[in-house]
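One structure below.
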Amino acid sequence: MADNSAASNLVGTDLSNLYAFIDKDNVHGLNLAVPEDAKDIIKPWDERESTDKYADSGVDDQMILHIPFTQQVRLKSILLKLGRGEATPQHLRVYANFPNIVDFNDAETTTPHVNITLLDGETGVIEYPFRVAAFTSVTSLSLFFVSLILLVNMAKIAQSESVGGELSRIFFLGFRGDTKSTNREGTSKLEIPAANAADAPLVDKVSERAGNAQTTAR
């Protein structure tokens with residue numbers, strides 16, 4: 001299990017925001033006070049600091065969010081704006097391409113691709129970087145937010161309380177990265193053909209080079 005607690009504040013426009021590639025209609029969550037709120041925290045970049053819409057956990061501080069993408073993406077980081085104080089989830093477990101994670105028992109017994117310790121007391125959007133090698137061809141993510149540390153050892157489970165309370169709140173959820181189509185477009189832009197060169201028959205090109213050689217010879 002990877003442990004990733006590094007985070008940074010974002011400055012300026014995020015040009016690699018993957019908002020456009022999130023299948024927002026199929027975003028859903030477990031243990032949300034209002035199930036439809038899972039979609040509301042997937043916001044455009046210019047609304048990332050808005051606190052008008054948010055998602056709260058339901059009966060306790062845990063929640064699971066399922067985020068499908070419209071095509072394969074390479075993820076570089078996750079972007080989060082969380083509630084403050086007791087409404088801040090303390091840990092995040094990230095599972096890539098695990099559509100079979102359908103409940104909390106699955107999430108607690110499956111090893112995540114990364115385990116992130118979330119920062120407390122932050123007011124803005126925080127970026128938590130991923131180890132890119134583990135997230136190169138992602139079609140969906142399952143995000144398990146929790147304020148309880150579950151220590152699993154040979155079927156014996158011990159729980160130790162963190163500073164979080166009985167509620168977890170999320171204002172903004174986003175991702176940075178790129179897609180395979182983006183990579184292809186970048187490559188094609190480097191291949192700029194000479195004007196009319198590709199349209200000319202091979203015999204014409206040979207004749208043209210021969211003619212040029214004759215006119216330049218003295």
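The values are calculated or read from the model by the stated rules, or taken from the named source; none is laboratory data. Note that this is a predicted model, so its numbers are computed, not measured. FYI the Cβ positions are ideal-geometry reconstructions off the backbone, even for glycines, and counts take in every protein chain you see.
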Legend entry - Single residue of the stretch 131-166 satisfying the filter (in a loop (DSSP other than H, G, I, E, B) and at pLDDT 90 or above) that is farthest from residue 121 (Cα to Cα): 137
Inset, instruction - Return yes when residue 132 is buried (at least 20 other Cβ atoms within 10 Å of the Cβ) and either under 22 Å from residue 39 (Cβ atoms) or under 14 Å from the mean Cα position of the chain (by Cα) (or both) and no when it is not. - result: no
Legend entry - Matching residues, the stretch 92-126, being touching a residue at least 40 places away in the same chain (Cβ under 8 Å), outside any loop (DSSP other than H, G, I, E, B) and closer than 19 Å to residue 66 by Cβ: 92, 93, 94, 95, 96, 104, 107, 108, 109, 114, 115, 116
Inset, instruction - Please go through the stretch 22-49 and pick out each residue that is buried (at least 18 other Cβ atoms within 10 Å of the Cβ) and either part of a strand (DSSP E or B) or hydroxyl-bearing (Ser, Thr, Tyr) (or both). - result: 22, 29, 30, 32
Inset, instruction - Among the residues of the stretch 59-98, write down those that are touching a strand residue (DSSP E or B) at 6+ places or on another chain (Cβ under 7 Å) and of a type in the set (Lys, Arg). - result: 74, 76, 81, 93
Inset, instruction - Tell me, yes or no, whether the stretch 14-21 has at least one residue that is crowded, with 20+ Cβ neighbours inside 10 Å, at pLDDT below 95, among the acidic types (Asp, Glu) and closer than 26 Å to residue 121 by Cα. - result: no
Legend entry - Filter result for residue 117 (within 14 Å of residue 169 (Cβ to Cβ) and of a type in the set (S, T, N, Q)): no
